[in-house]
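Notes to accompany the following structure.
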Amino acid sequence: MQRPPAEPGMSEDQIDTPALVIDLDTLESNLDAMAAYCKEAGVRLRAHAKTHKSPVIARWQALRGAVGQCVQKVGEAEVLAWGGVDDILVSNEVIGPQKLARLAALSRMSTVALCADDIHGIEQIEAAAQFVSSRLTVLVEINVGSGRCGVDPGAPAIVLAQRIARSKHLVFGGLQAYHGGAQHMRLSGERETAVGIASEMTRRTVEQLSKAGLPCPVVGGAGTGTFAIEALGGVYNEIQAGSYVFMDADYSRNQPPSAFRQSLFVLATVMSAARDGVAVVDCGHKGMAIDSGMPFVDGREDIVYSSASDEHGTLRIDGTGNRLSVGERLRLVPGHCDPTVDRYDWYVGVRNRRVEMVFPVAARGMMQ
C-alpha cells in the first residue's frame with residue numbers, strides 16, 4: 001500500500017497528490033437521497049460496492065436502510081464480510097472451484113448469494129456448497145438488453161430456476177435483471193424505452209416462474225442512471241445502484257441532470273505552467289480512468305483537461321495570457337468513478353476543505 005496522503009486536521013491544500021478525495025457533506029447528501037427515494041418507492045436498496053469498495057461506506061448505507069451490498073468479485077465479497085457486512089450478493093457469475101470454495105466458506109460468516117446463467121455453472125456451485133455442507137442462494141441472471149451475461153428470459157430461465165430448486169444444496173433466490181447499457185443512454189426517453197422493454201421481459205419471466213410453482217423473492221437490477229424507472233415499474237424489488245454515492249463526468253452527461261451531486265474528486269497539483277494557456281498536473285492515466293472520457297476540472301469551465309500520459313495531465317486554459325501557478329491544487333472529476341477508485345489505497349474525507357478522516361479503499365484490486 002502507498003502511505004496515506006493526508007492526516008486528519010490538514011487543510012485540503014496540504015494533501016499529497018494525486019489523492020482520492022471525498023466531499024463528505026455531498027456524499028452524505030447522496031446517501032440520504034437514495035435511501036429516502038427507495039423507502040418512498042417501497043423497494044429495497046442493495047447498493048453496489050464495486051463503486052466504493054469499502055466496508056466503511058457500506059456501513060453508512062446500512063445505517064440508512066440498505067439491506068445489503070452487491071459485489072462483482074469473490075475478493076470484494078470477502079473484504080466486505082470481513083468488514084462486517086452480513087448480506088452480500090455477487091451480482092455476477094462465479095466460475096472455478098477455487099473461487100466457489102472461497103465463496104461457500106464465506107457463507108458461514110455472512111449471507112451470500114450469487115448468479116448463474118448456465119447449467120454447468122449451477123453444477124459447480126452445487127459441488128462447492130455440498131463440500132462445506134452448506135446451502136447457497138443462486139439467482140438466475142437473464143439478458144434484458146445488455147448482451148453481456150444472462151440466459152434468455154422466459155423458458156430458458158425457468159429451466160435453470162427449476163434445476164436450482166431441485167438441489168439439496170442450493171436455494172433459488174430470484175432473478176438478476178440488470179440493463180447496464182441503459183445507464184448511460186443520454187436522454188431520459190431512451191432510458192425509459194430500454195428499461196420498459198427490460199421490465200416487460202422480466203415481468204413475464206416472473207409470471208412463468210410463478211406458474212411453475214417457483215416464487216421469486218428477489219428481482220434485482222437497476223443502476224444510477226435508471227433506478228427511478230425500475231423502482232416505480234412494479235417489477236423490481238431490489239435496486240443495485242452504486243455510482244450514485246460519488247457520480248462522475250460520464251453520468252453528468254445524462255439528461256436531465258441527476259439529483260445526485262459530485263462527491264468524489266482526484267486532487268491534483270499543477271507541476272508545470274511554462275506556457276501561456278497550458279498547464280500540466282501530476283495526474284495522468286495511472287491516476288484516472290479515462291475509458292469514459294477525460295475528466296473535467298471542478299468549478300473551472302475555462303480549463304479543459306485535454307490529454308493524458310502515464311503521469312501527466314495536460315490542461316488547456318481559455319483566454320489569452322491565462323496561466324495557472326505551479327503548486328496550485330485542482331479538483332478533477334473523473335470520467336468513470338469505479339475504475340478510478342480502484343487505483344487508490346486511501347480515501348481522504350474532507351469537510352469544508354479540511355481533512356476529517358482517512359480510510360482505506362479496502363477492496364481495491366480484488367480481481368478474483
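The values are calculated or read from the model by the stated rules, or taken from the named source; none is laboratory data. Bear in mind that the values here come from a model prediction, so they are computed numbers and not experimental data. Ideal geometry is used to build each Cβ from the backbone, glycine not excepted, and the neighbour counts take in all protein chains shown.
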* **A101 outside the structural domain of A128 (by TED's automatic domain parsing), at pLDDT 95 or above and surrounded by fewer than 22 Cβ atoms within 10 Å (Cβ to Cβ)** => no
* Asked: Going through the range 127-179 one residue at a time, which ones are farther than 23 Å from E238 by Cβ and surrounded by 20 or more Cβ atoms within 10 Å (Cβ to Cβ)?
  -> A128
* To do: Evaluate the range 346-360: report whether one residue or more is part of a loop (DSSP other than H, G, I, E, B), more than 20 Å from Q262 (Cα to Cα), out of contact with any helix residue (DSSP H, G or I) (no Cβ under 6 Å at 6 or more places or on another chain) and not aromatic (F, W, Y).
  => no
* To do: Scan the range 271-321 residue by residue and report those that are in contact with a Ser or Thr (Cβ under 9 Å, 6 or more places away or on another chain), surrounded by 19 or more Cβ atoms within 10 Å (Cβ to Cβ) and of a type in the set (S, T, Y).
  => Y305
* Asked: Which fully enclosed strands (runs of 3 or more DSSP E) of the range 1-93 have 1 or more residues being under 23 Å from V235 (Cβ atoms)?
  -> 44-48, 68-71, 87-93
* Structure fact -> If we ask which residues in the range 275-325 are free of Cβ contacts under 8 Å to residues at least 24 places away in the same chain and part of a strand (DSSP E or B), their number turns out to be 4
* To do: Starting from the range 236-253, take each residue that is among the basic types (K, R) and in a helix (DSSP H, G or I) and list its partners that are surrounded by fewer than 24 Cβ atoms within 10 Å (Cβ to Cβ) and modelled with pLDDT of 95 or more, counting only C-beta distances under 8 angstrom and pairs at least six apart or across chains.
  => R253/R186
* Kindly indicate whether any position in the range 208-219 is in contact with an Asp or Glu (Cβ under 6 Å, 6 or more places away or on another chain), in a helix (DSSP H, G or I), at negative phi and not hydroxyl-bearing (S, T, Y). => no
